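First the structure, in the form of structure tokens, and then the observations on it.
The values are calculated or read from the model by the stated rules, or taken from the named source; none is laboratory data. Please read these numbers as outputs of a predicted model, since none were measured by experiment. Neighbour counts run over all protein chains shown; Cβ positions are idealised from the backbone, glycine included. Calculation scope for accessible area: heavy atoms of the full protein, side chains included, ligands and nucleic acids excluded. Shrake-Rupley method; radii C 1.70, N 1.55, O 1.52, S 1.80 Å.
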Amino acid sequence: MKKIIGYIFLFVFANSSIHAQLNDSTAEAKKMQWWKDAKFGMFIHWGVYSALAGTYEGKKIPGIGEWIMNTAKIPIDKYKPYAKLFNPVKYNPEAWVKMARNAGVKYIVITSKHHDGFALFDSKVTDWDIVDASPYGKDLLKPLVAACRKEGIRIGFYYSQAQDWNHPGGAAINGHWDKAQDGDMDAYLDNIAVPQVREILSNYGNIDILWWDTPKDMTKERAEKFMPILKQHPNLITNNRLGGGFQGDTETPEQFVPSTGFPGRNWETCMTMNDTWGYKSYDSNWKSSKTLIRNLTEIVSKGGNFLLNVGPTAEGEIPKASITRLAAMGKWLNVNKEAIYGTTASPFPYLSYGRCTRKGRKLYLHVFDYPANGLLGVPMANKIREAYLLADPTKRLLVTINKANQHSVIHLPKKIPDTINTVVAVEFEGDLKIIPSPMESVEAVVSSENDASEGAKNLTDGNRLTRWTAAKTDRNASATVDFKKQVAISSLIVDEPWNPWENKRQKITLQYKSGETWKTITTTTTKGIGDQKNFKPVTAEFFRLLIENKEEAPSLLEWQMYGPE
Ligand code: H79
């Protein structure tokens, strides 16, 4: 009897948990849909650090501008007076939002409080905010939220939950530098962070995104302090930076485009236009519009979103250089919007000439490197119903078949329509049959593994959430694949498990076997975030990677290789 009851319990429990999971996943999918379709957001980093603009006591302080208090070790009583200089009298949120909308931006995320602890809203739990400490004296978030609602732009708040360099007990990466910062972190969370998160989620109507950052010293218990508030906002999208093991809704690669995607996870690359988030008067290392348009394309082709930053001045002006770049993106998007919004990731893991996005039976080929002969190969076995440029949709392009590999070939106009990214729309027939990447069917043999959970199989599984690591004491390692037949390879892609600011490096050499000797194809010294190398096709059966890491055991998330179309 006991056993039978046990079975009944098991059945009922298992059954209901499956339903719960299904409901959860459909609710999650529904919640994320607008965000997945949106693709392009604008980050705003703005606060007291904007008034310092990268300079303290006459010295130019290196690094990202919003970190100036930490980097220059400015004591609290020397930093606080700068709030008097943060007086954004030229702030025009309607103009900002219109500018963003014309740029093709679908959501805005603004720093409600960054690591310096200064709130851009009238917080009841501190005087360290725009209303109490700045001559401006008015909430900066409220009119921005109103303008976003008016223009149909979604709104999110960034909130630095762990680091806070002006409220005692707040965390600081690299430690406190002023005794006045010392205190009880739990008390700081209970008295400042938790009530402030309640304020920003309660006082502005429905907020779409809460963007946590730097989970320094955040244990599970500390992260759980925010859960009751989050539960009251089931449609709120949060990222993976709360800490304490909470995954949130999104992965957040910072300042780089991952070489491969995150299966089963939504993700968003956040990036600066120059080298700082918060305004620095002398940072003129601006990325070109071409780089930004191609970054957006590449991210979307991998299934991610692009959150691109602007750092307004203390007066409330967005730098001209940012405005011209956003305008260029808007101009390109106006012609090619169909190939970005509402699309899904490329079905091709790699295309030598550019990127691809998809909407059902429609592919959008984003041509970066316009073929000299005007012929564009599409590595799929489907018949193409029609192909045309998004810039000229009434003119059908000629499509022929490449007899050698049965790939379709699109005949492009001789004159390049857009040297940054020309989009070719392709409507195909039937279920998509792409020519698989040669790496899909092989597993690498490695010189050593740290343990089974960081084994060789993780190298070629197409999932950058899993990694291979060599044995702890190794500094040199190799990984070899045997395709069991001759395969032409023209591109190497590796992913690494670090962030740009960790300053990690590995020397990676790709070789092929010619008779009994290994010959080098290409070598790269990485920056800890992976790399891609293209080269003239090399045909061989055996390929191997040599990985050298001077500081720790060699490690990779992914190793992919592709041939020409
Ligand atoms: O808000 C922006 C950054 O301020 C924030 N995330 C984005 C969205 C961020 N905070 N910390 N980090 C990113 C990573 C930490 C980097 C560090 Fe450093 C490396 C801290 C100390 C060494 C960079 C270099 C900051 C100070 C020196």
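Would you mind listing the helices (runs of 4 or more DSSP H) fully within the range 95-196 where at least 2 residues are among the basic types (Lys, Arg)? Can you show your working first?
Details: elements: 130-133, 141-151, 185-188.
In the range 95-196, 141-151 are the helices (runs of 4 or more DSSP H) which contain 2 or more residues that are among the basic types (Lys, Arg).
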Criterion first (within 16 Å of the ligand (Cβ to nearest atom), among the basic types (Lys, Arg) and outside any helix (DSSP H, G or I)) does LYS73 satisfy it?
yes
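Can you tell me which residue in the range 170-188 is nearest to PRO234 (Cα to Cα), limited to those that are out of contact with any Gly (no Cβ under 8 Å at 6 or more places or on another chain) and more than 16 Å from the ligand (Cβ to nearest atom)?
Our first condition is that a residue be out of contact with any Gly (no Cβ under 8 Å at 6 or more places or on another chain); within the range 170-188, this holds for 171-180.
Retained after the next criterion (residues that are more than 16 Å from the ligand (Cβ to nearest atom)): 178-180.
Numbers: ASP178: 39, LYS179: 39, ALA180: 37 Å.
Looking at the filtered set, the residue picked out is ALA180.
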Taking into account only those residues within the range 198-228 that are closer than 18 Å to GLU28 by Cα and in contact (Cβ under 8 Å) with a residue 24 or more places away in the chain, which is nearest to the ligand (Cβ to nearest atom)?
TRP211
List every residue pair whose Cβ atoms lie under 7 Å apart, where the two residues are 6 or more positions apart in sequence or sit on different chains, the first residue falls within the range 83-111 and is over 16 Å from PHE121 (Cβ atoms), and the second residue, located anywhere, is of a type in the set (Asp, Glu) and open to solvent by 50 Å² or more (accessible area, probe 1.4 Å).
VAL89/GLU315; LYS90/GLU315; LYS90/GLU317
Any idea which of PRO554, PRO497 is within 16 Å of the ligand (Cβ to nearest atom) and out of contact with any Pro (no Cβ under 6 Å at 6 or more places or on another chain)?
PRO497
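In the range 268-290, which residues are of a type in the set (Ser, Thr, Tyr) and either within 16 Å of the ligand (Cβ to nearest atom) or within 23 Å of TYR56 (Cβ to Cβ) (or both)?
Across the range 268-290, the qualifying residues are THR269, THR272, THR276, TYR279, SER281, TYR282, SER284.
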Pairs returned, first residue in the range 495-509 that is assigned to a helix (DSSP H, G or I), second residue that is open to solvent by 30 Å² or more (accessible area, probe 1.4 Å) and aliphatic (A, V, I, L, M), beta-carbon separation under 6 angstrom, 6 or more apart or interchain, are PRO500/ILE529
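Within the range 496-546, how many residues are among the aliphatic types (A, V, I, L, M) and within 26 Å of THR252 (Cβ to Cβ)? I'd like the intermediate steps shown before the answer.
Residues of the range 496-546 among the aliphatic types (A, V, I, L, M): 508, 510, 521, 529, 538, 540, 545-546.
This time we only want the ones that are within 26 Å of THR252 (Cβ to Cβ), so: 508, 529.
The number of residues fulfilling the criteria is 2.
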Sole exception among (1) open to solvent by 10 Å² or more (accessible area, probe 1.4 Å); (2) small (Gly, Ala, Ser); (3) in contact (Cβ under 8 Å) with a residue 12 or more places away in the chain for GLY316, by number:
(1)
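Quick test for you: out of ALA444, ALA452, pick the one residue that is surrounded by 15 or more Cβ atoms within 10 Å (Cβ to Cβ) and either farther than 21 Å from TYR350 by Cβ or touching a residue at least 12 places away in the same chain (Cβ under 8 Å) (or both).
After ruling out the rest, the residue left standing is ALA444.
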With respect to PRO215, is the statement that it is assigned to a loop (DSSP other than H, G, I, E, B) and under 19 Å from LEU230 (Cβ atoms) true?
yes
